[in-house]
1. With the requirement that a residue be in a loop (DSSP other than H, G, I, E, B), modelled with pLDDT of 75 or more and either in contact with a strand residue (DSSP E or B) (Cβ under 9 Å, 6 or more places away or on another chain) or open to solvent by 70 Å² or more (accessible area, probe 1.4 Å) (or both), what does region 36-83 give you?
2. Can you pull out every residue in region 16-35 that is loosely packed, with under 13 Cβ neighbours inside 10 Å, at pLDDT 90 or above and not aromatic (F, W, Y)?
3. Can you work out which of the residues in region 1-10 that are in a helix (DSSP H, G or I) and open to solvent by 70 Å² or more (accessible area, probe 1.4 Å) is nearest to W56 (Cα to Cα)?
Amino acid sequence: MSTVLRRIAAVIVLLSGAALGFWVVFGAPHGWVGGMRLLKFALGLTSLGLVTASAWLMFPGSPDDDEDDDTTPHPMTGPLDAL
């Protein structure tokens, strides 16, 4: 997946997760009882999952996730690496 498409998808997923979270906190009926309370809890967890998925899309974990990199992969070195 190209970087631009991945980032656009990440923003869309982030906005939908934030909107769902705000609706659960501020807009959902507070009188939900029984099974509906469990549904509200599941919707809150889904909102957190969407935000986490957005972060995963925006910042992939490995260089293999981005296929359109023009550079060859090389190990990053830092000041604490042994020479």
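1. Correct list: F59 only.
2. Correct list: V25 only.
3. Keep residues of region 1-10 that are in a helix (DSSP H, G or I), which gives 3-10.
Cutting the leftovers down to open to solvent by 70 Å² or more (accessible area, probe 1.4 Å) gives us 4-5, 7-8.
On the way: V4: 14, L5: 13, R7: 10, I8: 13 Å.
Taking the candidates together, the pick is R7.
The values are calculated or read from the model by the stated rules, or taken from the named source; none is laboratory data. Here the structure is a predicted model, which is why all the values come from computation and not from measurement. Every residue, glycine among them, receives a Cβ derived from its backbone with ideal geometry; neighbour counts consider all protein chains shown. Heads up: the accessible areas ignore ligands, DNA and RNA and are worked out on the full protein's heavy atoms, side chains in. Shrake-Rupley method; radii C 1.70, N 1.55, O 1.52, S 1.80 Å.
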